[in-house]
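J.: Before anything else, here's the structure in question.
The values are calculated or read from the model by the stated rules, or taken from the named source; none is laboratory data. Here the structure is a predicted model, which is why all the values come from computation and not from measurement. Neighbour counts are summed over all protein chains in view; Cβ atoms, including those assigned to glycine, are modelled from backbone coordinates with ideal geometry.
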Amino acid sequence: MIKAYVFPGQGSQFPGMAKDLYDNDTRAREMLEKANDILGFRITDIMFDGTAEDLKATRVTQPAIFLHSVVLAKCACKDVPDMVAGHSLGEFSALAASGAIGFEDALALVAVRASAMQKCCEKVPGTMAAIIGLPNEKVEEICASCQGIVIPANYNCDGQVVISGETDAVGEACAKAKEAGARRALPLPVSGAFHSPLMEPARAELGEAIEKTAFSSPLCPVYQNVTALPTSDPDEIKTNLLAQLTAPVKWTQSVKNMLADGAVSFTEIGPGTVLQGLVRRISPEGTEISGIQGI
């Protein structure tokens, strides 16, 4: 049976995340304490005892989700998957879990990414919105027709696309989507225009950090967001990881390609259950879909 592990992105965080790992597994506790040292602040205090609002700050959210996912993969998952993928930030978790990047190096990269994106959000205001009930092509057409910058940012599943860009342009696209028959055009409570050209100022900082990081061939193919295709080539992984900053997350296409390559079982590793729902909408009946959130 061909098994796929998938890793969630921003938005799956919750108060108390990973506390059971810390309390019940020695290796998990060691990894989380090491993370506190690497980050230079006790992220575990925020993860375990912080409020939902505390966890919303990008510099906290991204490493927190990464830590929950990767520590869980290292401590609670006994099987080696046949393929992996991660949604946005989750791609870093997938790469660490599959051995393409070491845990400490991957966490340091996530911290740089989070910081660079946070600064970008503060300097270049933008937003995102979910368009539900229109074909991908129609959403692309609407975005292209708007004044200003707005693009499809997350192809989550058929009929669900998140758009991203300048606030006014996203508003215009939402209005046009409703006119075109979208069931919903829902603004999202995010701090910036992720996976759009508005993230370009963060590229230099993240690119420099990626170039300084050692990458290896993963234990199994990684289906990357930018191409939706499998790769085990370290140089290709690095190139795609940087491109992901300003390019759409091709999640629908990734899952369909994993299915075409034989995947019959998908396990979401980390906080939340969002990816399980998306995979369920994309995959045929009979696909095994499960999640691991703790031990």
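J.: Name the helices (runs of 4 or more DSSP H) wholly inside segment 1-83 in which the number of residues that are of a type in the set (D, E, K, R) and touching a strand residue (DSSP E or B) at 6+ places or on another chain (Cβ under 7 Å) is 1 or more.
T.: Working: elements: 19-24, 26-39, 43-49, 58-76.
Once the helices (runs of 4 or more DSSP H) in segment 1-83 are filtered for at least 1 residues that are of a type in the set (D, E, K, R) and touching a strand residue (DSSP E or B) at 6+ places or on another chain (Cβ under 7 Å), nothing remains.
J.: Could you grab me the full set of residues in segment 170-215 that are crowded, with 18+ Cβ neighbours inside 10 Å and among the hydroxyl-bearing types (Ser, Thr, Tyr)?
T.: Selection gives Ser191, Ser196.
J.: Kindly indicate which of Val139, Val110, Val124 is touching a Pro at 6+ places or on another chain (Cβ under 6 Å) and either aromatic (Phe, Trp, Tyr) or over 24 Å from Met31 (Cβ atoms) (or both).
T.: Working: Val110 fails: either aromatic (Phe, Trp, Tyr) or over 24 Å from Met31 (Cβ atoms) (or both); Val124 fails: touching a Pro at 6+ places or on another chain (Cβ under 6 Å).
Of Val139, Val110, Val124, the one residue that is touching a Pro at 6+ places or on another chain (Cβ under 6 Å) and either aromatic (Phe, Trp, Tyr) or over 24 Å from Met31 (Cβ atoms) (or both) is Val139.
J.: What are the residue pairs meeting all of these: first residue in segment 134-150, first residue on the phi > 0 side of the Ramachandran plot, second residue assigned to a loop (DSSP other than H, G, I, E, B) and among the charged types (D, E, K, R), Cβ atoms under 9 Å, and 6 or more apart or on different chains?
T.: Gly148/Glu166
J.: So which residues in segment 228-262 are among the aliphatic types (A, V, I, L, M), surrounded by fewer than 22 Cβ atoms within 10 Å (Cβ to Cβ) and farther than 21 Å from Glu208 by Cα, if there are any at all?
T.: Within segment 228-262, Ala228, Leu229, Leu259, Ala260 meet the criteria.
J.: Can you tell me which of Thr246, Thr252, Thr267, Thr239 is at pLDDT 95 or above, assigned by TED's automatic domain parsing to the domain that holds Ala97 and part of a loop (DSSP other than H, G, I, E, B)?
T.: Working: Thr252 fails: part of a loop (DSSP other than H, G, I, E, B); Thr267 fails: part of a loop (DSSP other than H, G, I, E, B); Thr239 fails: part of a loop (DSSP other than H, G, I, E, B).
Selected residue: Thr246, the only one of Thr246, Thr252, Thr267, Thr239 that is at pLDDT 95 or above, assigned by TED's automatic domain parsing to the domain that holds Ala97 and part of a loop (DSSP other than H, G, I, E, B).
J.: Hey, another quick one. Only residues in segment 113-133 that are under 13 Å from Thr167 (Cα atoms) count as the first member; pair them with residues that are among the acidic types (Asp, Glu) and not in a helix (DSSP H, G or I), Cβ under 9 angstrom, at least 6 apart or cross-chain, and list the lot.
T.: Going by the 9 Å Cβ cut-off, the qualifying pairs are Val124/Glu166; Pro125/Glu166; Gly126/Glu166; Thr127/Glu166.
J.: Quick test for you: out of Asp79, Asp54, Asp45, Asp20, pick the one residue that is under 30 Å from Gly286 (Cβ atoms) and either touching a Lys or Arg at 6+ places or on another chain (Cβ under 9 Å) or among the charged types (D, E, K, R) (or both).
T.: Numbers: Asp54 fails: under 30 Å from Gly286 (Cβ atoms); Asp45 fails: under 30 Å from Gly286 (Cβ atoms); Asp20 fails: under 30 Å from Gly286 (Cβ atoms).
Residue meeting the stated conditions: Asp79.
J.: Those residues that are under 21 Å from Gly102 (Cβ atoms), within 22 Å of the chain's Cα centre (by Cα) and among the small types (Gly, Ala, Ser), I need them from segment 31-55; list them, please.
T.: Ala35
J.: Mind listing whichever residues of segment 264-277 are touching a Ser or Thr at 6+ places or on another chain (Cβ under 8 Å) and either of a type in the set (A, V, I, L, M, F, W, C) or crowded, with 19+ Cβ neighbours inside 10 Å (or both)?
T.: Selection gives Val264, Phe266, Thr267, Glu268, Ile269, Gly270, Pro271, Gly272, Val274.
J.: Please specify each residue of segment 117-138 satisfying the condition of being modelled with pLDDT under 95 and either surrounded by fewer than 16 Cβ atoms within 10 Å (Cβ to Cβ) or assigned to a helix (DSSP H, G or I) (or both).
T.: Passing the criteria: Met117, Gln118, Lys119, Cys120, Cys121, Glu122, Lys123, Pro125.
J.: If you check every pair at least six apart or on different chains, which have Cβ atoms under 8 Å apart with a residue in segment 189-211 that is in a helix (DSSP H, G or I) first and a residue that is among the acidic types (Asp, Glu) second?
T.: Every condition considered, the pairs that remain are Leu198/Glu166.
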